[in-house]
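Heads up, the thing below is written out as structure tokens.
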Amino acid sequence: MNTGNALELRGITKMFGALAAIADVTLSVRPGERRAVLGSNGAGKTTLFNCITGDFPATSGIIRFFGEDVTAFPPYERIRRGLRRTYQISSLFAGLTVIDNVYLACRGVSRNRYSLLRPRADDALVHAAETLVEAVHLTAVRDRLVGELAYGQQRQLEIALAMSGAPRFILFDEPAAGLSPTERRDLVAILTSLPAHIGYIIIEHDMDVALRVVESVTMMHNGRIFKEGRPSEIEDDPEVQELYLGGGHG
Ligand SMILES: Nc1ncnc2c1ncn2[C@@H]1O[C@H](COP(=O)(O)OP(=O)(O)O)[C@@H](O)[C@H]1O
Ligand SMILES: [Mg+2]
């Protein structure tokens, strides 16, 4: 069945022993749609991402990606279909330059990845890598070692890695965590200028960032969705303010 949605979750539950980290989550995201998932610590947001990517299989429920049932697929099969994610914790090659990190990511998803006859850079891939470095505002540091970058620049680089290949949908897990106000503004500019056909879900604690880069919001608490709406509706909602903005109840 092709539902026309980029992503569709039906009744997703993930148990850790007796704990339902997420419980009966049903959610649809249209192609190109940008959505925030908000909720206090332990609400189940990262677990939701792990189920979508296949890093942890869901205990029950169905996941469709562009109409295809991917529920039983391993992570790499979902990546091949254009699903990407960034992690809360960095996964970069610190000893390589910015451009080499992005080039390797582009090469990793290219058809030539096993080609021993062409060990050197091919022009199209180098160009793709340079375009991505520019899209995340890192051209000025393209030849610096990643280990020497500021923390915020490393997070920007992670976005470039998620953009390599031909992503159709990206999951961002707290991309603004640890960023300075200036870096947050940069992040907002980067996210809002991603190509329009690429949809995403962003988990973000900073409402000023989250509500400016999405058109829809899903609120989670104790593993369940308790509210969905547009950013303006969520911002003004008393229940949301009580549970989330007011510090939450974990
Ligand atoms: N690998 C795991 N093993 C056991 N429990 C886990 C694991 N990952 C997450 N949890 C639990 O699942 C719940 C949701 O966690 P998580 O998805 O990380 O929440 P959030 O990202 O919203 O802060 C928490 O109670 C957490 O302790
Ligand atoms: Mg989390």
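The values are calculated or read from the model by the stated rules, or taken from the named source; none is laboratory data. Every value quoted in this text rests on a predicted model; they were computed, and no experiment measured them. Quick reminder, even Gly has a Cβ in these numbers, built from the backbone with ideal geometry, and neighbours come from all protein chains shown.
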Elements of type helices (runs of 4 or more DSSP H) in region 134-210, at least 3 residues being out of contact with any Cys (no Cβ under 9 Å at 6 or more places or on another chain) and not assigned by TED's automatic domain parsing to the domain that holds Asp55 = 151-162
Six or more apart or on different chains, Cβ under 8 Å: which pairs go from a residue in region 42-68 that's more than 22 Å from Leu243 (Cα to Cα) and without any contact (Cβ under 8 Å) to a residue 40 or more places away in the chain to one that's of a type in the set (Asp, Glu) and more than 16 Å from ligand 1 (Cβ to nearest atom)? Could you list them?
-> Gly54/Glu77
Set Arg81, Arg35, Arg85: member being under 30 Å from Gly147 (Cβ atoms) and either touching a strand residue (DSSP E or B) at 6+ places or on another chain (Cβ under 9 Å) or surrounded by 16 or more Cβ atoms within 10 Å (Cβ to Cβ) (or both) = Arg85
Name the residues in region 1-38 that are touching a Phe, Trp or Tyr at 6+ places or on another chain (Cβ under 7 Å) and within 16 Å of ligand 1 (Cβ to nearest atom), would you?
-> Lys14, Leu38
Taking Gln241 as meeting all but one of (1) under 27 Å from Ala23 (Cβ atoms); (2) out of contact with any helix residue (DSSP H, G or I) (no Cβ under 9 Å at 6 or more places or on another chain); (3) assigned to a helix (DSSP H, G or I), write down the number of the exception.
-> (2)
Please specify each residue of region 147-165 satisfying the condition of being over 24 Å from Leu83 (Cβ atoms) and either out of contact with any Asp or Glu (no Cβ under 9 Å at 6 or more places or on another chain) or hydrophobic (A, V, I, L, M, F, W, C) (or both).
-> Gly147, Glu148, Leu149, Ala150
